[in-house]
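J.: Okay, here's the structure, questions in a sec.
Since every read-out is calculated from the coordinates, none of them should be taken as a lab result. Values in this document were obtained by computation on a predicted structure and should not be read as measured data. Note that each Cβ is placed from the backbone with ideal geometry, even for glycine, and that neighbours are counted across all protein chains shown.
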Amino acid sequence: MNRYHFTHVTEFHYDAPVSESYNEVCMRPMHDERQSCLSFRLTTSPGSRSTAYRDAFGNWIHQFNIHSEHRHLTVEAESVVLAHEDLPMENAPISLADLDERRDDLREEHFDFVATTAYVPHHLPEVDELVQIAEQGGDASVMAFAQSASDLIHDQFKYVKGATHVHSSIEDVLKVRAGVCQDFAHLLLSVLRRRGLPARYVSGYIVPRRATEGGTSLEEVIGGQASHAWVEAWLPVSGWFGLDPTLGAPVGLRHVRIAYGRDYGDVAPVRGVYKGQAGQRLSVDVRVRPALDGDGHEQLQETASKPRKVPSSELTQQPARQQQQ
C-alpha cells in the first residue's frame, strides 16, 4: 500500500518569554501526477490561524503569527499522501556532447537551476575533479553522467550526523568528506550544474522499508527524526530524473516530495522571527506509518518529540532552521 500518514512536529522552547512571532512553514506535500496529497493539517501551540500561498516554484507556503507572550512554540503538520507508480521515462539518450550544444538554451530555460547559489557554488577545484571522474564512469550520456556523479558522492563521502550544521557550504563537506543528506544534495547539485545540467533541490520524506512492508508501528524517517533531501536533474527530452546520493538507491515510491528549490534556503521547513532576547532549544520529530490498516481503516496515533539543546552557534532569531538529515 503506497498510502502514508506523516506527522512532522517541531518544538521551540525559549529561556524567557517572547512575543510577536512571525513564521513561514513549508511542509505540505506536493499534489501532482506522481503523488496525491489526500489531506493536510497544520496546527500550532499557542494556537494561530494560518494563510497559504504558492511560491515561485509552486510550493505551498503557510504563514502564521503569534502576538502574545509565550515560552514555547509547537508546530505540527499532518499529511496523508498516496504515491503513484512512475510512468516509464522516454528512452532518448542524450550525449554529453549534445548537452554542450544545448547549454545556452538550457541556461535560458532553467536559469534558476543552473545558476550558482550561496549553498551551491560551482567554481571549486574539488567540484571540477568530481565532474571529471563522473564523466569517466559511464557511457558518455547525460543520464550516465548524472548517475555516476550521484554514486560517486555516495561512495566517497560518509554519512555522519553532526559533521556539518544547517548553514554549512559544500566547501565544508569537501574538507571533512562527511555530512548529511542536505550536504550531499548540495554537492551533487554543484557537480551537475558545473557540467551545464539543470538540477533542483528536493525536500521531502523517505518512507522506511518496514512501513512499506505493512508494519503498524511508527517508523522514524532516515536521519534520525528529520526530513530528507535529494536531487532531480533535467534530462533533455526525458524530463526530470531523481537521484539520491545519500541512500545510493533509485528515487521511487518511498520518496515523498514536499518542495523544490534552488537549494535548501528555498525550502526550509520552518523559519521566522520573534521579539525577545531569549535563547531557544529546538526539537524535530518526523514519523511515518501506513495510512490504512489491514481492514482499510485510517490509522491515527499521537507523536511527540523531546527537546534538544541547540548550541549558541546554531541559534538564529526565530526559528532555527531544521537541518535535513
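J.: So how do 185-197, 147-159, 252-264 stack up, highest first, on mean other-Cβ count within 10 Å?
T.: Highest-to-lowest ranking by the protection proxy: 185-197, 252-264, 147-159.
J.: I need 238, 203 ordered by Cβ neighbour count within 10 Å, fewest first.
T.: Lowest count first: 238, 203.
J.: Say R0 is 22 Å: what FRET efficiency, to the nearest 0.05, do residue 116 and residue 176 get from their beta-carbon distance?
T.: Calculated transfer efficiency: 0.50.
J.: Please work out the FRET efficiency for the pair residue 124 and residue 68, using the Cβ-Cβ distance as r and a Förster radius of 35 Å; give the result to the nearest 0.05.
T.: After rounding to 0.05, the efficiency reads 0.15.
J.: Quick one: if you stick a label point 7 Å off each Cα along the C-beta vector at residue 95 and residue 45, how many nm between them?
T.: In this crude spin-label approximation the distance works out to 6.2 nm.
J.: Out of region 45-114, which trypsin sites (Lys or Arg not before Pro) are coil in DSSP terms and have no more than 12 other C-beta atoms within 10 Å?
T.: Filter output for region 45-114: 49.
J.: Neighbouring Cβ atoms within 10 Å as the yardstick, rank 89, 27 fewest first.
T.: Arranged by neighbour count, lowest to highest, 89, 27 become 89, 27.
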